[in-house]
Amino acid sequence: EVTGKPMLVGTTDAFEADIVKPVLDVLSDRAEIPRDVLRQSFDDIESTLRTGSAHEQGRALEAFTIKLGRRLGLDFTGWRLRGNETGGSEVDVIMEQAGLTHERWQIQCKRSTRLTLEHVAREVGVARTTNATTILMLTMEGLSDDARQFADRIMQDSNLSLLFIDIDDISAVSDPEQIREHLEAESARAKRCKQLTASDPIVDAA
């Protein structure tokens, strides 16, 4: 029987200097985000998203998107729109994962607009040119019911997965594991939308 408190694991100064900093430097150069922005903690990002100026929130949104993608095992590919080009209200980034199969994520963040059916439809249309397999949309103003219903219909009829994060529904943006749990629930919803039915041309393996 094992008792006692679990050990806390942290990073040393040498690890930060030899491992973390070089990775952030390369990512900063590729993503064109200042190193000090990418080095923000999730706590810092949450604070800025809640109380910062429009420009600061746009920068925090960029950093949050990149850091979240990295947490999901995705590599930065490029921008479609930058926060500083949209007054800090919108960020679009393409990230990819190459394993046995290739995944391309089209991630859009809206800071000051409630997501509507039209917003989702626009991203679905763009995905035809980016060849995205997953669309992730983050919002700070909520998601309309018709937007969610439209996304469900798209997932039923195509290979796209559409995932949503309403930041106000997450009690702590500073907790990446809570965000992952939220995305796992979104992924489960996508799977339900794509379940095969008796009308599908699939022979039962049984």
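Do the conditions hold for S174, that is, is it open to solvent by 20 Å² or more (accessible area, probe 1.4 Å), of a type in the set (G, A, S) and closer than 16 Å to L49 by Cβ?
yes
For the range 105-129, which residues satisfy the criterion of being in a helix (DSSP H, G or I), touching a helix residue (DSSP H, G or I) at 6+ places or on another chain (Cβ under 8 Å) and not β-branched (V, I, T)?
Result: L117, H119, A121.
For I179, are the conditions met, namely being at pLDDT 90 or above, of a type in the set (A, V, I, L, M) and open to solvent by less than 20 Å² (accessible area, probe 1.4 Å)?
For I179, the condition - at pLDDT 90 or above, of a type in the set (A, V, I, L, M) and open to solvent by less than 20 Å² (accessible area, probe 1.4 Å) - is not met.
Go through the range 132-146 residue by residue and tally those that are under 17 Å from the mean Cα position of the chain (by Cα) and either part of a loop (DSSP other than H, G, I, E, B) or without any contact (Cβ under 8 Å) to a residue 12 or more places away in the chain (or both).
Number of matching residues: 5.
The values are calculated or read from the model by the stated rules, or taken from the named source; none is laboratory data. This is a predicted model, so every value here is computed, not measured. For neighbour counting, all protein chains shown are included, and Cβ atoms are generated from backbone atoms with ideal geometry for every residue, glycine included. For the accessible areas, the whole protein counts, side chains as well, though only heavy atoms, and no ligand, DNA or RNA atoms are used. Shrake-Rupley method; radii C 1.70, N 1.55, O 1.52, S 1.80 Å.
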